[in-house]
Amino acid sequence: MPQLIRKQRRLIFVVTSLVFVLSALLSISLVLYLAEQGQLQKQRQVAANASDFAYALQQEFSRELSAANALAAFVRQQDGDTSQFDKFAQHLFPYYENVTALSLAPQGTITAVYPLNSNQGLLGHQIMTDATQAADAIASLVRNTVSVTGPYQLKQGGEGIIGRLAVYLDPALQDWWGLVNVTLRLADLNSLERLENMQQQGLLYRLTRLNARDNEPELIRQSDPGIFNQPIVQLINLGDAQWQLQLVPIKGWGDNVTFYRQLALAILFSVMLAALVAQLIQTRIHKHQLEALVNKRTAALHTELQRQKSFISASNAGSWEFKHLTNQLYGTPEYYALLGYDKAEFANNQPDNLHACWTALLHPADKAQACATFQQYLQFSEPDSIYENTFRMRHADGSWRWILSRGKTLLDENGQKTALSMGIHLDITARKEAELKLQLLARMFEQSSEGVLITNAEQQIVMVNEAFTKISGYSADEVLGKNPKMLASGRQDKAFYSNMWLTIAKQGNWQGEIWNRRKDGRTYPEWLSISQIIDDNDQVSHYVALFSDISQYKEDEAQIKFLANYDPLTQLPNRSLLIDRTEQALLHAERNSQPLAMLLMDLDRFKQINESLGHEIGDELLIQVAQRLRKLCRAEDTLCRLGGDEFVLVLPDADANGAAHLAERMLPLILQPYYLAEQELTLSMSVGIAMYPEDGQQFHQLYKHADIAMYKAKESGRNRYSFFTADMQQFHTRNLLLENALRRAIERDQLSLVYQPQYSMVNNQLIGFEALLRWYHDDFGQVSPAEFIPLAERNGLIVAIGEWVIVTALQQLAEWHRAGYRQLNMAINLSSIQFRQENLLQFVTNAIEFSGVPAAKVELEITESAMAEQPERAIALIAELKAKGLNIAIDDFGTGYSSLSYLKRFALTKLKIDQSFVRDLLTDSQDKAIVNAIINMASNLGLKTIAEGVETAAQRDLLKHLGCDEMQGYYYSKPLLADQASQFIQQAL
């Protein structure tokens, strides 16, 4: 063993040394290569800077010195005449921003320069004899391009460059005229500014001019002193001149700090790599040693596992193994046979097969819990803990089997958990189903809403459930061992119980309704079912009694029976019971030749009270009315509430006098005040009476005729009674026919409007029209508005008809306005029902906007009674209408409810004097006084007045004398159709 260890150590040393040497050689080579590449990269960057500078300088010189070509062209064009030079130079100079001076030198002597101010010293300068410039000037004579010379100290001060071009008037170059010069000041050149930036970028520079004679460099610009070691040299060709730029980094081409740092890292890397290789070799040797040990122990473990598997197979249970790391499940053939499967059907003992071999077979309701429990055991269980769980798995036949799964994670030699678990599956379906049945029975017994009482064969109580305690009030301890007789109420006699037990003995069970007594002494009804329990010897072992408290059922049954025949609000009989009792009373009256009266009663204006004060007040009012009516009834009478505010009273053996007498007592009784919610209310009633046998011999006939008579009473002024007559039947029939026809009047285009002119008394001029509704029916002919408008109000059609009137009248007014008669107004009547509509304001506003007529040209006429129904709402609504610009008039003023306290609060425009006052105005002093009072009151309130029904000139004159503002009537014109009204307008205006 020591020899083996020495051999291993020698191997590690040799390999490690070899790795270090090779790694060091490669690393140092890489460092040297990187240093060389860094220097080359830096040289390329510096060369690029030099090239960019050369290009910029060449471009700037080329651009600025091109002025010499322009001057030469000028001289040749002028054939050597320079008199226009200043003008030409003034035009040319702004195009060259860095040019200091433009000059002409005929025969080499400068005679003209621009600008003269700063360059006057150049005049008369002889270039050809100038010691510094003569050589360059002479050299330029033989070139046909601009010659760049300098830099020189300029006559005008500073250092500069001169671009010269020899000018020959003869193309053959034989006639030399002289020189044109372009002077550039070095300080003004933009490209030279780049040199300063280069020094800021860490570069030393030197810019020189190569002397054309000896090619020696002449310094132009230089950075701060420094060592120019291996500089980058850039030649710059500027015309016939050649400049040279030298660039070198201030810190030199190499970076010694970086180089030595990289070299140190390379050596450190080699050392670490050698150490890593040594560690890997050592690890590999150790691994081989461990593998040998593991193989030895695995063989022993395999032998033990085989022995354990033999035990499990012999126990007729399915066993399994699970490898944690690969999520791999292995099941024995018995594991799958337990569920009716063949092992070959599954990817058994394959990696990641847990889902296919276990999870996929779990019952959906158990899957989450089963998986969580298994994972919890694998991850968090103690080393010696046992895994156990129950769940359902799908059998091959589609059924579900309850499985008891038990297992354990294997431990290593140190007592720590390994990555392998083993266990078994046992089919416990039969046991589980038995447990579930027992649990279900126990829950049924305890949670049943029915009471359960079980006795032995001797009728001693052995078990009761919770429902028994709730129903009877007795706890289990109070009744166990006792006879159920203790619960008897005494309502059933001995014969009842004898028959009950006889039935149980014969049939094995009995059920029925029985009364028992609670612990507190109260009796209650229950539905009881008693059954025998027979043991294996066909003997009665127990009796089971199931019972439920049916007190609520009894109460509900009584309530349903009551609701089927009585009104829940007033406790009066309802329609169903009324019909039944009336039919019985009619049979009795027929057999005994007795009369019978039916009174149909309807409360007047109840709907208004109900809507304004609320349904709670309305309901209480109905209750009090019913109580008052009961006081008038005999025992044999039937008082009924049909619904809403309608009551019916049937009086057996009562003639017309008796019915009238009762009605006369009833009306003042109902009229007495009602005190509700700290309010005093008064209410009247209209009563219709139908008599048997004259008005009908069946309930429905009497009811129909009493209803007709009741409406007649309402039309006659309310708070009265009326007997049915044959004339009423005819009137009612006509009303029904008219009502049905009226429902189709709009769609059949039977309605129309006529327009009655209205005149102003200020200038006796036509100012507008009132729209009046007409209905012509093919069968009924022209139906009076006094007849069909009340019908429309009663059945709710007035809203749709009223909206049609508004739209049609506004369209007609818009047509007259488009024809040029924009001074005309339109008066439109609103019914009281229409006035109560919540959407009235919005509808009128939309209709006016759609028609396009000004709101100020529209007048809405509203009756006093409509305003008086809900005065506060009326005040608010009229104010909103007035705010929209509409005019508001009270129609038929003086004929309805008038209250000056409310009148002054209404935002009115006009009062309309009813024609009933105008008709006898000339003969009746009271009518005249009323009209005069209305006009004076309107004037004092700032309102206008209009009189309707004016038929004579005398009426007109008197009304005008009294101060009436406007009039309408047959004196001016009857109501006209639209076409007739249009012709009337043309004649009047």
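The values are calculated or read from the model by the stated rules, or taken from the named source; none is laboratory data. Predicted, not measured: the structure shown is a model, and the values here were computed from it. With ideal geometry, Cβ positions are generated from the backbone for all residues, glycine too; neighbour counts draw on all protein chains shown.
Just checking, which of 788, 769 is among the hydrophobic types (A, V, I, L, M, F, W, C), in contact with a helix residue (DSSP H, G or I) (Cβ under 7 Å, 6 or more places away or on another chain) and part of a helix (DSSP H, G or I)? Spell out the reasoning first.
Working: 769 fails: part of a helix (DSSP H, G or I).
Unique residue meeting the criteria: 788.
Please give the number of the condition residue 605 fails out of (1) in the same structural domain as residue 693 (by TED's automatic domain parsing); (2) on the phi < 0 side of the Ramachandran plot.
Among (1) in the same structural domain as residue 693 (by TED's automatic domain parsing); (2) on the phi < 0 side of the Ramachandran plot, the lone unmet condition for residue 605 is (2).
Quick check on residue 890: is it under 22 Å from residue 769 (Cβ atoms), without any contact (Cβ under 8 Å) to a residue 60 or more places away in the chain, assigned to a strand (DSSP E or B) and among the aliphatic types (A, V, I, L, M)?
yes
Among residues belonging to the range 922-964 that are surrounded by fewer than 17 Cβ atoms within 10 Å (Cβ to Cβ) and β-branched (Val, Ile, Thr), point out the one that is modelled with the highest pLDDT.
Per the stated criteria, the residue is 952.
Residue by residue, here is whether (1) aliphatic (A, V, I, L, M); (2) surrounded by 14 or more Cβ atoms within 10 Å (Cβ to Cβ); (3) under 30 Å from residue 700 (Cα atoms); (4) modelled with pLDDT under 90 holds:
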position: 497; (1), (2), (3), (4): no, no, no, no
position: 516; (1), (2), (3), (4): no, yes, no, no
position: 531; (1), (2), (3), (4): no, yes, no, no
position: 543; (1), (2), (3), (4): no, yes, no, no
position: 552; (1), (2), (3), (4): no, no, no, yes
position: 559; (1), (2), (3), (4): no, no, yes, yes
position: 574; (1), (2), (3), (4): no, yes, yes, no
position: 578; (1), (2), (3), (4): yes, yes, yes, no
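Which number in (1) surrounded by 13 or more Cβ atoms within 10 Å (Cβ to Cβ); (2) more than 60 Å from the chain's Cα centre (by Cα); (3) of a type in the set (Asp, Glu) marks the one condition that residue 526 misses?
Going through (1) surrounded by 13 or more Cβ atoms within 10 Å (Cβ to Cβ); (2) more than 60 Å from the chain's Cα centre (by Cα); (3) of a type in the set (Asp, Glu) one by one, residue 526 breaks only (2).
Can you tell me which condition residue 843 does not meet? The list is (1) out of contact with any Leu (no Cβ under 9 Å at 6 or more places or on another chain); (2) more than 13 Å from residue 803 (Cβ to Cβ), and all the others hold.
Among (1) out of contact with any Leu (no Cβ under 9 Å at 6 or more places or on another chain); (2) more than 13 Å from residue 803 (Cβ to Cβ), the lone unmet condition for residue 843 is (2).
Name the residues in the range 666-693 that are modelled with pLDDT under 90 and loosely packed, with under 13 Cβ neighbours inside 10 Å, would you?
Those that are modelled with pLDDT under 90 and loosely packed, with under 13 Cβ neighbours inside 10 Å: 677, 678, 679, 680.
Among what's in the range 904-933 and is hydrophobic (A, V, I, L, M, F, W, C), in contact with a Leu (Cβ under 9 Å, 6 or more places away or on another chain) and in a loop (DSSP other than H, G, I, E, B), pick the residue that is farthest from residue 856 (Cα to Cα).
If we filter the range 904-933 for residues that are hydrophobic (A, V, I, L, M, F, W, C), which is where we start, we get 906-908, 911, 913, 917-918, 921-922, 929-931, 933.
With in contact with a Leu (Cβ under 9 Å, 6 or more places away or on another chain) added as a condition, the list becomes 907-908, 911, 913, 918, 921-922, 931.
Okay, now just the ones that are also in a loop (DSSP other than H, G, I, E, B), so 907-908, 921-922.
On the way: 907: 14, 908: 13, 921: 32, 922: 34 Å.
Out of the qualifying residues, it is 922.
Among all residue pairs at least 6 apart or on different chains, which show Cβ distances below 7 Å where the first residue, located in the range 612-639, is under 14 Å from residue 681 (Cα atoms) and the second is of a type in the set (Asp, Glu)?
Here the result reads 622/645, each pair linking the range 612-639 to a residue that is of a type in the set (Asp, Glu).
Does residue 500 satisfy the criteria of being more than 30 Å from residue 576 (Cα to Cα), touching a helix residue (DSSP H, G or I) at 6+ places or on another chain (Cβ under 8 Å), aliphatic (A, V, I, L, M) and part of a helix (DSSP H, G or I)?
No.
Within the range 368-379, does at least one residue satisfy the condition of being modelled with pLDDT of 90 or more and touching a Pro at 6+ places or on another chain (Cβ under 9 Å)?
no
crowded, with 20+ Cβ neighbours inside 10 Å and assigned to a strand (DSSP E or B), is that true of residue 881?
no
Suppose the filter is surrounded by 13 or more Cβ atoms within 10 Å (Cβ to Cβ), in contact (Cβ under 8 Å) with a residue 12 or more places away in the chain and not assigned by TED's automatic domain parsing to the domain that holds residue 475; does residue 428 pass it?
yes
From 88, 53, grab the single residue that is modelled with pLDDT of 80 or more and hydrophobic (A, V, I, L, M, F, W, C).
88
Every residue, every condition in (1) over 19 Å from residue 454 (Cα atoms); (2) outside any strand (DSSP E or B), yes or no:
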{"residue": "519", "(1), (2)": "no, yes"}
{"residue": "538", "(1), (2)": "no, yes"}
{"residue": "548", "(1), (2)": "no, no"}
{"residue": "561", "(1), (2)": "yes, yes"}
{"residue": "577", "(1), (2)": "yes, yes"}
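Give me a count of the residues in the range 102-119 that are of a type in the set (A, V, I, L, M) and either assigned to a helix (DSSP H, G or I) or touching a Phe, Trp or Tyr at 6+ places or on another chain (Cβ under 7 Å) (or both).
At the first step, the residues of the range 102-119 found to be of a type in the set (A, V, I, L, M) are 102, 104-105, 110, 112-113, 116.
Applying the additional criterion that residues be either assigned to a helix (DSSP H, G or I) or touching a Phe, Trp or Tyr at 6+ places or on another chain (Cβ under 7 Å) (or both) yields 102, 104, 112, 116.
So the answer is 4.
How many of the residues making up the range 124-150 are surrounded by fewer than 21 Cβ atoms within 10 Å (Cβ to Cβ), of a type outside the set (S, T, N, Q) and not in a loop (DSSP other than H, G, I, E, B)?
Adding up the residues that qualify gives 5.
Does residue 223 satisfy the condition of being surrounded by 12 or more Cβ atoms within 10 Å (Cβ to Cβ), more than 30 Å from residue 17 (Cβ to Cβ) and not β-branched (Val, Ile, Thr)? Spell out how you get there, then give the answer.
Numbers: surrounded by 12 or more Cβ atoms within 10 Å (Cβ to Cβ): yes; more than 30 Å from residue 17 (Cβ to Cβ): yes; not β-branched (Val, Ile, Thr): yes.
Judged against the criteria, residue 223 is a match.
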